[in-house]
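The values are calculated or read from the model by the stated rules, or taken from the named source; none is laboratory data. Please read all numbers here as calculations on a predicted model, not as lab measurements. For neighbour counting, all protein chains shown are included, and Cβ atoms are generated from backbone atoms with ideal geometry for every residue, glycine included. Remember, those area values only see protein heavy atoms, side chains included, never the ligands or the DNA or RNA. Shrake-Rupley method; radii C 1.70, N 1.55, O 1.52, S 1.80 Å.
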Amino acid sequence: MKIVVCKDYEEVSRVMAEKVVRLIQEKPNLVFCLPAGNSPIGMYRYLVKMYEEGKVDFSQIRTFDMDEYAGLAPDDPHSFIYFMNKHFMDHVNINMENVDYPKADALDLDAECRRYAQAILDAGGLDIAITSIGDDGHIAFNEPDDFLLPRTHVVKMDEATRKQNAKAFADCPKGMPTHAITTGMEEHMKTKHYYVVCSGSHKAALLKKLFETEKLDPHFPVSWLRMHPNVELIIDEEAAVGIPQEVLDECR
């Protein structure tokens, strides 16, 4: 595991975008697992800027969304595919034929999960995935449980997760969904380049917990990344406070 400590969220976003661009330059048709939420917005802003400056070509990449709220149509402003279009895809030269995402309004969500998992396999697996850490230690929507599932599946979100994300649904009469579709832990663990982005003092306790034990705990899903062969944490100084100095020295 490698840890890169940045000054603040802005630098985290820039560094992460530069790493993405570098990988695309090395492999123009890479398979990119796209994250949603507040954490990657800055990264997408930098990626759009670098595209406008002619530094990167997105025309050959293939994308898969990391997760999606169950029941939402693609044009629902609360959906993650809507988020991707707003912050990224509408502003760059991505070929929309190479874009895939969980069809969360499908009549048979389990069948849709199987289709999505197979599509990832058919693409040769994920070249790059980027995630943050949920307040309960989840990555994507792999929630704390007695066991974790390997491939894309439907999950009931923890109340902690729903509370964390409820603000985004403040204007929704039905409130926040109870379930989501998420890529599974096998898909994450087989990703060739895996990144975790964290910023802010509220993430320090999560990072402290990640490094205070070597246990791979399904009740703290992010701990499973300790056995990933190529994972990199891109964090800011406030989040890094939670990591013991000897760990930072070893992983820089």
Please go through segment 96-109 and pick out each residue that is more than 13 Å from Ile181 (Cα to Cα) and open to solvent by less than 60 Å² (accessible area, probe 1.4 Å). Asn98, Val99, Asp100
All conditions in (1) modelled with pLDDT under 95; (2) on the phi > 0 side of the Ramachandran plot; (3) of a type outside the set (Ser, Thr, Tyr) are true of Pro74 except (2)
Cross-chain or 6+ apart pairs with Cβ under 9 Å, segment 170-186 first and under 18 Å from Glu143 (Cβ atoms) and of a type outside the set (Gly, Ala, Ser), then open to solvent by 70 Å² or more (accessible area, probe 1.4 Å) and assigned to a strand (DSSP E or B): Thr178/Lys156; His179/Lys156
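Matching residues to (1) at pLDDT 95 or above; (2) under 21 Å from Val5 (Cα atoms); (3) in contact with a helix residue (DSSP H, G or I) (Cβ under 9 Å, 6 or more places away or on another chain); (4) not in a helix (DSSP H, G or I):
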residue: Glu187; (1), (2), (3), (4): yes, no, yes, no
residue: Ala204; (1), (2), (3), (4): yes, yes, yes, no
residue: Leu216; (1), (2), (3), (4): no, no, yes, yes
residue: Pro229; (1), (2), (3), (4): no, yes, yes, yes
residue: Ala239; (1), (2), (3), (4): yes, yes, yes, no
residue: Gly242; (1), (2), (3), (4): no, yes, yes, yes
residue: Val247; (1), (2), (3), (4): no, yes, yes, no
residue: Glu250; (1), (2), (3), (4): no, yes, no, no
So in segment 48-84, with the set limited to residues that are open to solvent by 40 Å² or more (accessible area, probe 1.4 Å) and either among the β-branched types (Val, Ile, Thr) or assigned to a helix (DSSP H, G or I) (or both), which one is nearest to Gly134 (Cα to Cα)? Tyr82
Looking at Arg22, Arg62 in this structure, which one is more than 30 Å from Glu214 (Cα to Cα) and touching a Phe, Trp or Tyr at 6+ places or on another chain (Cβ under 8 Å)? Arg62
Flagged in segment 89-113 as in a loop (DSSP other than H, G, I, E, B) and under 28 Å from Gly54 (Cβ atoms), in numbering order, are Val92, Asn93, Ile94, Asn95, Tyr101
Does Glu18 satisfy the criteria of being open to solvent by 70 Å² or more (accessible area, probe 1.4 Å), without any contact (Cβ under 8 Å) to a residue 60 or more places away in the chain and of a type in the set (D, E, K, R)? no
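Only one of Ala123, Ala119 is closer than 20 Å to His188 by Cβ, of a type in the set (A, V, I, L, M), at pLDDT 95 or above and open to solvent by less than 20 Å² (accessible area, probe 1.4 Å). Can you tell me which?
Ala119
If you check Pro144 against the conditions, is it in a loop (DSSP other than H, G, I, E, B), closer than 30 Å to Gln60 by Cα and open to solvent by 20 Å² or more (accessible area, probe 1.4 Å)?
no
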How many residues of segment 164-205 are under 13 Å from Leu225 (Cα atoms) and either polar (S, T, N, Q) or open to solvent by 70 Å² or more (accessible area, probe 1.4 Å) (or both)? The answer is 3
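Which one of Ile81, Ile24 is among the hydrophobic types (A, V, I, L, M, F, W, C) and either free of Cβ contacts under 8 Å to residues at least 24 places away in the same chain or in contact with a Cys (Cβ under 8 Å, 6 or more places away or on another chain) (or both)? Reasoning before the result, please.
Values: Ile24 fails: either free of Cβ contacts under 8 Å to residues at least 24 places away in the same chain or in contact with a Cys (Cβ under 8 Å, 6 or more places away or on another chain) (or both).
That would be Ile81, the only listed residue that is among the hydrophobic types (A, V, I, L, M, F, W, C) and either free of Cβ contacts under 8 Å to residues at least 24 places away in the same chain or in contact with a Cys (Cβ under 8 Å, 6 or more places away or on another chain) (or both).
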Take Glu237 and decide whether it is open to solvent by 20 Å² or more (accessible area, probe 1.4 Å), charged (D, E, K, R) and within 25 Å of Glu18 (Cα to Cα). yes
Within segment 45-61, can one find any residue that is under 22 Å from Leu126 (Cα atoms) and touching a residue at least 60 places away in the same chain (Cβ under 8 Å)? no
Return the residues of segment 25-40 that are hydrophobic (A, V, I, L, M, F, W, C) and in contact with a Phe, Trp or Tyr (Cβ under 9 Å, 6 or more places away or on another chain); say none if nothing qualifies. Val31, Phe32, Cys33, Leu34, Ala36
